[in-house]
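**Student:** If you scroll down you'll find the structure; I have some questions about it.
The values are calculated or read from the model by the stated rules, or taken from the named source; none is laboratory data. In this text, all values refer to a predicted model and were calculated from it rather than measured experimentally. So basically every Cβ, Gly included, is an ideal-geometry build from the backbone, and we count neighbours across all protein chains shown. All accessible areas refer to the heavy atoms of the entire protein, side chains included, with ligands and DNA or RNA removed. Shrake-Rupley method; radii C 1.70, N 1.55, O 1.52, S 1.80 Å.
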Amino acid sequence: MKGQNSRYNVAKLLLIGLVFHLVYIGCAWDEELWIPNEGVAPSKRLVLIVGDGLRADLLFSLNAFADIPGSPEIVAPHLRSIVESRGAFGISHTRVPTESRPGHVAIIGKYFTCGMYEDVSAVTKGWKTNPVDFDSVFNQSKSTYSFGSPDILPMFAKGATPGKVKTWTYNEDEEDFTKDATALDVWVLDRLKSLFQNATSDPRLLEDLRSEKVVFFLHLLGLDTTGHSYRPHSKEYMHNIRVVDDIVRETESLMSEFYQDNSTSFIFTADHGMSVIGNHGDGHPDNTRTPLVAWGSGIRGPVLDTTPSAHDTFSASWQLGHLFRRDVEQADIASLMAALIGVNWPVNSVGVLPDVDSTRPGYLDPKLGEEALAHAAFVNAKVILEQFRVKDELKRKHTIFYKSLKPLSEFSFTDDAPQILKIEQLITEKRWDAARFASSEVIQEALKGLHYLQTYDRFLIRAFVTAAYFGWAAYASLYLLRPLDNIPQAASFLATSQAASALTVAGWTVLVGFWISFILQRSPWSFYIYIAFPCYFWHQFLVQAFVTLKLGPQLQMSLSQMISTSVMVVLALLGMVVGYKHRSIWSIGFVFIGLLWPLSRGKDVHSRSPWYTSFWAISCLVTGVFPLLSVDKTESLTTITIGGFAILLTGSAVAWRIVQSTKKPSTQTMLAKLFVCQIFFIGFTMAITASSVRHLQAKKGLPAQNQWAGWLVLVISSVLPFAFRGQGHTKYSKILMYFLGFGPCFVILSISVEGLFFLAYSAVLITWIQVEKAVRSSNAAASSSNTTEPSIEEMKVTKSELELAIAHKFDLDDLRIALFFLFFVQVGFFGTGNVASISSFYLAPVYRLIPIFNPFYMSALLIFKIIAPYIMLSITFAVLNDALNLPPFSLLLVALTITDGMTLAFFYNVQDTGSWLEIGQSISFFCITSLLLLWAAGICAAGEYLMADVLSLSLVKDPKKVD
């Protein structure tokens, strides 16, 4: 069958797959709501101090830095004294992503969307600015004076009332990871001092400062920068905590001297924590548990702990068990700040004032009076109740057969609701505790209602997703089996078949019926597309399956083959699913494919290629060691150097062999010059890296010449393989060229064993080609007596189109190769990192090229380092297709039919309750596996493009290949 006559265009399939998988990660927006604060303001002004990247345990624990000689028992004596003598404390639990921007949005005023604390699309702007304006406590204040990082402060001024939020930021160049970051925190304190000093000669400024409802925001970035550079258990981090403690003490002294009225509230917290390796972003408890200390006007003092459950093993080392620990959610801080200075709750805030619960101490001072606390709880209840009321009305109005949640159906949410009237009555009767308890009940029921509304369409969406992913697998299988190409008279039968027409009418009826219901319910636009995909997929599959049953031959597969194949696929996919949480699974996989699988093929495979099968087993076992290693690595120049030498020596040996085997002198000279140049780049990079590491570890900063030389060699070495178009390359010389080209990347951007992993991973991939050739040769020999050799004309198809894949007849062994491919796709990511922890990828090596904080360029370098092994996979997979006499993309088509088995498994595991680690991981896993198909397709396309010149040469040598 000639490719140009096929009804199956692989490019169309990949485009549909791209759109389908991107659409199914969609989300809708919520409305904004506003409620006035009718409570009594116990404080005239508020000081919010955020120690960016501060872990709760390292602030509160005694002897937190015991491993550092001469470290103090109490690292923050001033904050400790506040906790013990005149303030309230606890843990502020953050949500994923644990980044600076989302954390500050949650603290100061959150935008509640899609059931999450943060607008996830802000990641496209590096968590610096919000694509959707949001309200904040700052915007509700009389004036806010903010000092700190240019990455955080501007986003609160944007969208606020002009002139209300005043900002003082240092230059971005000051965020240098190689310098002493405490200077950034001292800068903040100096600007605050200057502000008060300027007020003595500026009457207008003085009047504004002495107004009520004024907020001061001190953003202290030093801890985050220091933690990234030296890790949180370092003496540098310890010193930075002491600097922050001094700044808190001096800030309190400045406020006291300037105002002299004891009407200032202070809140000290952090936006996120810090992992042991100096990163954050995921839901690990080290990143989600941050300190909260509150004191001053309107805030209670220490309370003796009469409830042992308030403390746990985490806080045992603090030795504060005699004092009550009051934990909160990070969004609750905004509600506390609004209550303290008597400003309106931020738009869409779902924070719950800790003092709503009358059974446990909150943060407000009981001396304010029970009436004030009852009013504050009542306002909080009305804020959240109003959100539910509006959203419930909208949902009820636009939903056909709306169904209320049974416990809530008896709860009234109108303005004159009995529950609200009851609270007002209790306040009128001065039954303050009862009023707070009733407010708490309203809040809890309203929050349940909000969650119910947010998940109201969950069953429908799950039905869409299940039908769509199974439909995609069925639809992709058509491109594998190609019934319309392989069955005579298929096209004419389709044109005249009434059953096929009935299936088409049924498909359109279902689609239009759903669309009409969506119009009546004013459903999100994404719903229209969600239902379109499964309707299209299943219509195409059912029509062609009907044709196959009527006209085509029965599938040549026994029941035992079907069962064994299905079991193999399911077990393999389930193993990969488990591997997302347990990296050791990938090591077990290497043992299976390296040892057990070759043994199952018998002695024939080994006898045909004994050297390669032996090396295959060794390389698999060596590569399988890396997933067993801890992701918590320390910078090791020795290991980096060993990795560099291993890449250099291996590359040199292979290069020498390739050059010696090249018969044409001009080609031999060209390849020799190329490989010598690349090997030189690796050696030069090792020298630069060694110098940079020593300077950074000695805190001497990054020498400019090292930075420029590092960039120069990295760019040239990485671009060279893509730009070089010299004639005379073979498939394996070109693979070596890319391997050596990425060598400098795995030296200058490595922190430990990454270079060794890159070498082992590449060796496995290259050996895979030879082993698969031996297996295919063994299979061909076993079946040669029952088959006839096709003619050259029968095998000819055009080679310029993606439709090359139609010439291949599906074989069960292709399914096993596709599973191997998916395994290698994920091992390329899991080898030295862990998708369960974003923090497992280190920033420290990036400082050798970018010492100044720049999230986009830093992320780009990390992504480039992650992508490099996939370039090796892409080109070896292209060569594997060629070596097995398979057209391009034929094995990918097999992978397309099984990939979303993992996606569906992770979809049903997505959580919106439980720990933040579980919630964040479940969402991350689903998104990653949703895009795995696109990633695999990109790998195949990249490999075919990069190796096109050498693969086209092999076609001429093998008459079975395409023209």
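**Student:** Grab the Cα-Cα distance for E250 and V570, subtract it from 0.36 nm times how many residues apart they are, and report the gain in nm with one decimal.
**Tutor:** Gain on extension, E250 to V570, equals 108.9 nm.
**Student:** Which distance in Å, rounded to a whole number, links the C-alpha centroids of region 598-653 and region 162-180?
**Tutor:** 47 Å
**Student:** Could you give each residue of region 588-593 its phi-based ³J(HN,Hα) in whole Hz, using Karplus coefficients 6.51, -1.76, 1.60 with θ = phi - 60°, and x for Gly or Pro?
**Tutor:** Values, residue by residue: 4, x, 5, 4, 5, 6 Hz.
**Student:** Multiply the residue gap between F196 and Y402 by 0.36 nm, knock off their C-alpha separation, and tell me the result in nm, one decimal place.
**Tutor:** On the way: separation 206, 0.36 × 206 = 74.16 nm, distance 5.80 nm.
Using 0.36 nm per residue and subtracting the Cα-Cα distance, I get 68.4 nm.
**Student:** Can you classify region 650-728 as rounded, prolate or oblate using the Cα gyration tensor, where a ≥ b ≥ c are the square roots of its eigenvalues, rounded means a/c under 1.5, and otherwise it's prolate if a/b beats b/c and oblate if not?
**Tutor:** Values: a/c = 4.68, a/b = 2.47, b/c = 1.89.
Here region 650-728 falls in the prolate category.
**Student:** Past 30 Å, Cα to Cα: identify those pairs from K734/K865; K235/K633; K164/K699, in the order given. Walk me through the numbers on the way to the answer.
**Tutor:** Values: K734/K865 20 Å; K235/K633 18 Å; K164/K699 40 Å.
Among K734/K865; K235/K633; K164/K699, the Cα-Cα distance tops 30 Å for K164/K699.
**Student:** Around F177, which amide H atoms from residues at least 5 apart in sequence, or from another chain, sit under 5 Å from its own amide H, with H modelled in the peptide plane?
**Tutor:** Correct list: I852, F853.
**Student:** Using amide H atoms built 1.01 Å from N in the peptide plane, name the residues 5+ places from V47, or on other chains, whose amide H lies under 5 Å from its own.
**Tutor:** F216, S265, F266, I267
**Student:** Follow-up question, since we're still on this one. Ordered by packing density, taken as the mean number of other Cβ atoms within 10 Å over each peptide's residues, highest first, how do 732-742, 160-170 rank? Spell out each step's value before the answer.
**Tutor:** Details: 732-742: 23.3, 160-170: 15.9.
Descending packing order for the listed peptides: 732-742, 160-170.
**Student:** With θ set to phi - 60°, apply the Karplus curve 6.51 cos²θ - 1.76 cosθ + 1.60 along region 253-270 and write out the HN-Hα couplings as whole Hz, x wherever there is a Gly or Pro.
**Tutor:** 5, 4, 5, 5, 5, 6, 9, 6, 9, 6, 10, 10, 9, 10, 10, 10, 7, 9
**Student:** Sticking with this one: Solvent-accessible area per residue for region 327-393 at a 1.4 Å probe radius, Å²?
**Tutor:** On the way: 1670 Å² over 67 residues.
Dividing the accessible area of region 327-393 by its residue count gives 25 Å².
**Student:** If you count, for each residue, the other Cβ atoms within 10 Å and average over each peptide, how do 567-574, 324-331 line up from highest to lowest?
**Tutor:** Working: 567-574: 15.0, 324-331: 21.8.
Order by mean packing, descending: 324-331, 567-574.
**Student:** What's the FRET efficiency of C677 with I642 using the Cβ-Cβ distance as r and R₀ = 22 Å, to the nearest 0.05?
**Tutor:** Values: r = 23 Å, r/R0 = 1.05.
E(calc), rounded to 0.05, equals 0.45.
**Student:** Another one. May I ask you to give the solvent-accessible area per residue for region 130-194, in square angstrom, as obtained with a 1.4 angstrom probe? The partial results should precede the final answer.
**Tutor:** On the way: 2420 Å² over 65 residues.
For region 130-194, the per-residue accessible area is 37 Å².
**Student:** Trypsin sites (Lys or Arg not before Pro) within region 562-665: which are DSSP loop residues with at most 13 other Cβ atoms inside 10 Å?
**Tutor:** Working: sites: K581, R583, R601, K603, R608, K633, R657, K663; in loops: K581, R583, R601, K633, K663.
Passing sites in region 562-665 are K581, K663.
**Student:** At R0 = 41 Å, how high is the FRET efficiency between S600 and W508 if r is their beta carbon distance? Nearest 0.05 is fine.
**Tutor:** 0.25
**Student:** Calculated FRET efficiency, E84 and A860, Cβ-Cβ r, R0 41 Å, to nearest 0.05? Before the final figure, lay out the partial values.
**Tutor:** Numbers: r = 47 Å, r/R0 = 1.14.
After rounding, the FRET efficiency stands at 0.30.
**Student:** Which residues' amide hydrogens lie under 5 Å from the amide hydrogen of L702, considering only partners 5 or more residues apart or on another chain, with H built in the peptide plane?
**Tutor:** So L702 has HN proximity to no qualifying residue.
**Student:** What ranking, highest mean first, results for peptides 708-720, 286-298 when packing means the other Cβ atoms within 10 Å averaged over each residue? Walk me through the numbers before you get to the answer.
**Tutor:** Values: 708-720: 17.2, 286-298: 24.3.
Per-residue mean Cβ counts within 10 Å order the peptides as 286-298, 708-720.
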